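Undergrad: If you scroll down you'll find the structure; I have some questions about it.
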Ligand code: VTB
């Protein structure tokens, strides 16, 4: 799976990032998202694969493109037999977030990216559009920190695992009123908090890379983004745990309905029988092979953003593979018009 897809999925996230970056700073988050979705879908449909979207832009009725259940790739076309041998094809599941951090793009802020994760069929947890309590930490702290422990306890464990004092730790938390107590506790324990307005996928993954000066992600973000983060963390050997949040007392706005009972019913109808279960990275992305790709739209901790120049642009992407156990940073120059010096004589 990896050898054929690895290079192509770089182009998929690059195209989404390029499209979205044209809307950077224009204050129009929906457009920044729409163009990314369109570009991602178009490039994805040129790949020799039989793919199915398991995490996408929403259910079919809400989202015209890259909706959950949509089939993508050349081998899903009606005339697929002309291009693809059905016996040779692995069916794959895909989780996408073509513009992770639409507000960040719209307002020209750091940390947005186009991102996707791929695994064989059934290899990614089809997370419902709920919230998720998340804990991400570096590989050295994997399975030592625990989402069931208090932030204070986890910070002490992190400090021990990373051989430093608590005041040398930086924790990313999304700037939301629901995190008021969490932020106070982290600061009270002596660690430092980096507040972000959006984009917790980049925050989670940053924990796995030494030198980013990000040592943990704590708090509640969206569940689909949690699965995408888990896919990368599973490949990188980082710590990731997620627990679905369905109680409107904890998160009052956004993705979940106002009644706890109806939220629980919704989860049960999706086959989630233990709504309080804590999932780790290996459970959220349990496929044999997992691939992750992201391309910076605006500059971030891990990747540079899209930089346009006359008739071209430069992007930076990250491709992570469980199979080859690699994380590749890919720097690409895109030439929109064929430059004169390349023209044939
Ligand atoms: C979360 C987070 C994302 O949007 O989904 C957030 O996981 C929305 O949270 O990274 P709120 O409903 O509290 O605003 C992002 O920040 C960006 O998509």
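Quick note: the coordinates plus some simple rules give every number you see, no bench work behind them. Note that the structure is a prediction, hence the values are computed from the model and not measured. Because the Cβ atoms are built from the backbone with ideal geometry, glycine has one as well, and the counts that use them run over all protein chains shown.
Undergrad: Cβ neighbours within 10 Å, averaged per peptide: list 230-243, 270-283 in order, most packed at the top.
TA: Listed from highest to lowest mean packing, they are 230-243, 270-283.
Undergrad: Here's another thing I want to ask about it. Considering only DSSP beta bridges whose two residues both sit in the chain, what percent are antiparallel, to the nearest 5?
TA: Around 80 percent antiparallel, to the nearest 5.
Undergrad: Now a separate question. Per 0.36 nm of contour for each residue apart, how much would the distance between residue 8 and residue 28 grow if the chain were fully extended, relative to their Cα-Cα spacing?
TA: 4.3 nm
Undergrad: Once you keep just the Cα pairs under 8 angstrom separated by 6 or more residues, what percentage relative contact order results for the chain?
TA: Relative contact order for the chain comes out at 19 percent.
Undergrad: How would you rank 250, 245, going from fewest to most other Cβ atoms within 10 Å of each one's own Cβ?
TA: In order of increasing Cβ crowding within 10 Å: 250, 245.
Undergrad: Once you sort the root eigenvalues of the Cα gyration tensor of segment 15-128 as a ≥ b ≥ c, which label holds: rounded (a/c under 1.5), prolate (a/b larger than b/c) or oblate (the other case)?
TA: Since a/c reaches 1.5 and a/b is larger than b/c, the shape of segment 15-128 is classed as prolate.
Undergrad: Another one. Relative contact order for segment 1-147 using alpha-carbon pairs under 8 Å, separation at least 6, rounded to a whole percent?
TA: Relative contact order, segment 1-147: 24 percent.
Undergrad: What is the Cα centroid distance between segment 136-167 and segment 37-94, reported in whole angstrom?
TA: The distance from the Cα centre of segment 136-167 to that of segment 37-94 comes to 40 Å.
Undergrad: Under a crude label model (7 Å from the Cα following the beta-carbon direction), how far is residue 255 from residue 79 in nanometres?
TA: 4.0 nm
Undergrad: Hey, rough spin-label estimate for residue 120 and residue 247, points 7 angstrom out along Cα→Cβ, what's it come to in nanometres?
TA: 4.0 nm
Undergrad: Antiparallel versus total DSSP beta bridges in segment 109-245: what percent is that, nearest 5?
TA: Roughly 65 percent of the DSSP beta bridges within segment 109-245 come out antiparallel.
Undergrad: Based on DSSP H runs of at least 4 residues, each adding -39500 (n - 2.57), what is the mean residue ellipticity at 222 nm of the chain after dividing by all its residues, to the nearest 500 deg cm²/dmol?
TA: Only helices count here, giving -8500 deg cm²/dmol.
Undergrad: On to the next question. For the peptides 37-43, 81-87, what is the packing order when you average, over each peptide's residues, the other Cβ atoms within 10 Å and list the highest mean first?
TA: Result, highest mean Cβ count within 10 Å first: 37-43, 81-87.
Undergrad: A further question follows. Can you tell me the order of 199-210, 17-28, 305-316 when each peptide is scored by its average per-residue count of other Cβ atoms within 10 angstrom, highest first?
TA: 199-210, 17-28, 305-316
Undergrad: For the pair residue 140 and residue 153, how long in nm is the line joining their label points, each one 7 Å along Cα→Cβ?
TA: Spacing of the two 7 Å Cα→Cβ label points: 2.2 nm.
Undergrad: Using r as the Cβ-Cβ distance of residue 87 and residue 192, and R0 as 41 Å, what FRET efficiency do you calculate, to the nearest 0.05?
TA: Result of the calculation: an efficiency of 0.15.
Undergrad: Just want the ordering: 192, 176, from fewest to most Cβ atoms lying within 10 Å of their own Cβ.
TA: Listed from fewest to most nearby Cβ atoms, that is 192, 176.
Undergrad: Additional query: Only counting other Cβ atoms within 10 Å, I'd like 259, 317, 112 sorted with the fewest neighbours first.
TA: Lowest count first: 259, 317, 112.
Undergrad: Using only the alpha carbons, work out the radius of gyration and Dmax of the chain in angstrom.
TA: Cα radius of gyration and Dmax of the chain are 20.0, 71 Å respectively.
Undergrad: Which number do you get for Rg(Cα) / (2.2 N^0.38 Å) in segment 143-242?
TA: Taking N as the residue count of segment 143-242, the ratio is 0.98.
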